[in-house]
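To keep things clear, I will list the structure first and then write my remarks on it.
Every number in this text was worked out from the coordinates using simple rules, so none of it is lab data. Since this is a predicted model, take the numbers as computed values, not measurements. Virtual Cβ from ideal backbone geometry, glycine too; neighbours counted across all protein chains shown.
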């Protein structure tokens, strides 16, 4: 019975990381869904440009699609690594509970917790890499003259295109 207070003290660290990981996952999910939405929009515009015989504009959209896909892949990896951390911290709590009855579980809990934190660190590094290049799509589009066709046809297409990429 003396080990119960110690168990709850041991839960504090992993429990904080469960909450932190969940907030990080939420942030990554919002960012990834924004990119997916933008990719869908660009795919539709690329298809329309191809169908209407505007190959330069279609190529410009293809370049933007490739750029956003690379960034989305960084976010996807960060998302997965953070989910691994979340699962690992929950597993750590379970192992700490088992540690009351099975001493090897305490050692396993410490190992799983350290691995979970390393996974969170790796996910954060991927997120930092994506944030570092976050404005590249906007800069590329602004510099791409294929988006700047001055004919009236393209002006109306430009209005339908919407805001700059994420």
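A few remarks follow.
- The Rg/Rh ratio of the range 3-161, with Rg taken over Cα atoms and Rh as the Kirkwood radius over Cα pairs, comes to 1.25.
- Approximate spin-label separation residue 129-residue 50, in nm, with each point projected 7 Å along Cα-to-Cβ: 2.9 nm
- If you plug the beta carbon distance of residue 76 and residue 111 into 1/(1 + (r/R0)^6) with R0 = 22 Å, you get a FRET efficiency near 0.25.
- Each peptide in 76-88, 92-104 receives the mean, over its residues, of other Cβ atoms within 10 Å, and ordering these scores from highest gives 76-88, 92-104.
- Length gained when the stretch residue 36-residue 100 is fully extended (0.36 nm per residue, less Cα-Cα span): 18.5 nm
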